[in-house]
Amino acid sequence: MARLDDYFVITAPGLEQICAAEIKQFGIAAEIPAVGGVLFRGGLRELYQVNLWSRTASRVLVRLGEVTARDFPALYQRLSKLPWGRFIKPGQNYDVRVTCHASRLNHSGRIAQTCCDAIKRVLGQDPATDQETVAVYLRFTDDRCQVSIDSSGTHLHRRGYRQAHGAAPLRETLAAGSLLACGYDGSQALIDLMTGSGTFALEAAMIALNRAPGLTRKFAFMAWPKFRSGLWQQLCAEAQRQQKQDLSASIIAVDNNPKAVAAAAANMKSGCVDQLIDLRCCALQELRPVTSEGLLICNPPYGERLGRNAVLTALYRDLGRIYGDVFKTWNGAILCPDNQLLKASGLKLNQLLRLSNGGIKVGLFLKQG
């Protein structure tokens with residue numbers, strides 16, 4: 001029987017249920033043990049699948065082990081017994097990151113050095129500067145040290161298509177999670193009302209095309225001693241076969257700022273969906289429904305940086321008219337920090353998610369058509 005490991009998926013707080021649902025689509029049992037995380041068990045196939053396919057995961061860690069220690073000699077001895085060679089090659093770099101809470105050992109720098117010494121003892125040589133770096137996470141709580149290895153490398157929200165940034169870019173995982181929370185699957189028309197750098201529209205296109213978000217990027221697990229290149233190529237080939245070539249329903253991205261439209265155009269071209277998305281530079285008040293049903297979605301200004309004024313209030317009133325009158329048969333979603341701005345829209349909305357966008361607490365609110 002193939003070895004099963006415990007894997008911990010780090011995700012943005014508020015996206016745990018969405019992320020767990022993604023993992024369950026592979027037939028993998030998943031649970032939510034803590035805020036900002038999803039736990040599952042599996043072999044390398046399951047690990048590769050989640051890194052390849054998850055639209056809401058930020059990082060996937062493999063649990064290497066757990067040790068109890070109240071002094072540094074004990075910590076060194078017990079860390080030395082862990083199977084470091086499964087994930088780190090002799091001479092490979094490693095970066096140890098430590099957090100401590102309610103433990104006798106609380107000097108993060110010395111804990112990290114003790115771990116480095118233990119790894120060197122097991123692998124038998126110093127790391128070389130020309131090797132890729134493995135991220136090692138140590139989490140001390142109540143004198144118990146949980147040891148994890150990063151399998152993802154660069155954060156998973158970095159799909160590779162973002163070449164240009166808007167004024168306040170929305171993280172890709174938040175955009176995808178919001179779309180999935182709204183039930184978007186590509187079968188209905190979608191309009192991204194304030195597209196900025198195009199994140200909502202791009203993530204919608206990837207969902208509609210069934211395109212694996214990790215298909216063209218590299219992962220930390222590719223540098224592991226027992227990386228199964230054949231299995232990875234097989235999973236990528238399967239993903240390519242499952243990918244659609246065209247959209248089932250239209251995706252329209254709108255912004256009244258020419259610079260934002262230019263940034264969105266560059267990102268859509270980089271993501272190879274520029275021929276599929278209808279990108280427009282116009283006022284949102286000019287929009288009219290293209291079908292009888294669909295999804296409107298937007299991430300409007302919050303007023304956190306420039307203040308809340310009459311202009312911002314008028315914008316939310318316009319959103320209320322567009323969502324409630326012009327597109328009254330459509331579902332409409334808004335990312336917004338509080339009810340005060342939503343009151344200006346006059347819409348009756350249900351909160352689907354509570355998230356943090358750029359350090360600002362926001363909710364995803366939905367109006368049913």
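The values are calculated or read from the model by the stated rules, or taken from the named source; none is laboratory data. Bear in mind that the values here come from a model prediction, so they are computed numbers and not experimental data. Counting neighbours? That spans all protein chains shown, and the Cβs are built from the backbone with ideal geometry, glycine included. We work out accessible area using only protein heavy atoms, side chains counted, and drop any ligands, DNA or RNA first. Shrake-Rupley method; radii C 1.70, N 1.55, O 1.52, S 1.80 Å.
So here's what we get for this one:
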read-out: L180 assigned to a helix (DSSP H, G or I) and either under 22 Å from L355 (Cβ atoms) or open to solvent by less than 40 Å² (accessible area, probe 1.4 Å) (or both); value: yes
read-out: Hits in segment 283-318 (condition: part of a loop (DSSP other than H, G, I, E, B), charged (D, E, K, R), touching a strand residue (DSSP E or B) at 6+ places or on another chain (Cβ under 9 Å) and at pLDDT below 95); value: E304
read-out: Among (1) at pLDDT below 95; (2) surrounded by fewer than 14 Cβ atoms within 10 Å (Cβ to Cβ); (3) in contact with a Ser or Thr (Cβ under 6 Å, 6 or more places away or on another chain) - the single one T329 does not satisfy; value: (1)
read-out: Whichever residue in segment 163-210 is touching a Ser or Thr at 6+ places or on another chain (Cβ under 7 Å) and among the polar types (S, T, N, Q) and, among such residues, is farthest from A12 (Cα to Cα); value: S187
read-out: Candidates H155, H165 - the one that is modelled with pLDDT of 90 or more, open to solvent by 60 Å² or more (accessible area, probe 1.4 Å) and not charged (D, E, K, R); value: H155
read-out: Residues (under 25 Å from L174 (Cβ atoms), open to solvent by 10 Å² or more (accessible area, probe 1.4 Å) and among the aliphatic types (A, V, I, L, M)) located in segment 29-60; value: A30, I32, A34, V35, L39
read-out: Among residues of segment 78-118, those that are polar (S, T, N, Q), in contact (Cβ under 8 Å) with a residue 40 or more places away in the chain and surrounded by 15 or more Cβ atoms within 10 Å (Cβ to Cβ), counted; value: 5
read-out: Tally of residues being in a helix (DSSP H, G or I), open to solvent by 50 Å² or more (accessible area, probe 1.4 Å) and not hydroxyl-bearing (S, T, Y) across segment 214-237; value: 4
read-out: Scan of segment 104-160 for residues that are farther than 17 Å from A69 by Cβ, of a type in the set (K, R) and in a loop (DSSP other than H, G, I, E, B), ordered by number; value: R158, R159
read-out: Close pairs from segment 354-369: first under 14 Å from P301 (Cα atoms), partner in a loop (DSSP other than H, G, I, E, B), Cβ under 7 Å, at least 6 apart; value: N357/L170; G358/A168; I360/Y302; I360/E304; I360/P337; K361/P337; V362/P337
read-out: Residues that are assigned to a helix (DSSP H, G or I) and crowded, with 20+ Cβ neighbours inside 10 Å, drawn from segment 332-369; value: L341, L342, S345
read-out: Segment 142-152, subset within 19 Å of C116 (Cα to Cα) and of a type in the set (G, A, S), residue surrounded by the most Cβ atoms within 10 Å (Cβ to Cβ); value: S151
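Here is a yes/no grid of residues against (1) over 29 Å from K328 (Cα atoms); (2) touching a residue at least 40 places away in the same chain (Cβ under 8 Å):
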| position | (1), (2) |
| --- | --- |
| L235 | yes, yes |
| R241 | yes, no |
| S250 | no, yes |
| N267 | yes, yes |
| I277 | no, yes |
| L284 | no, yes |
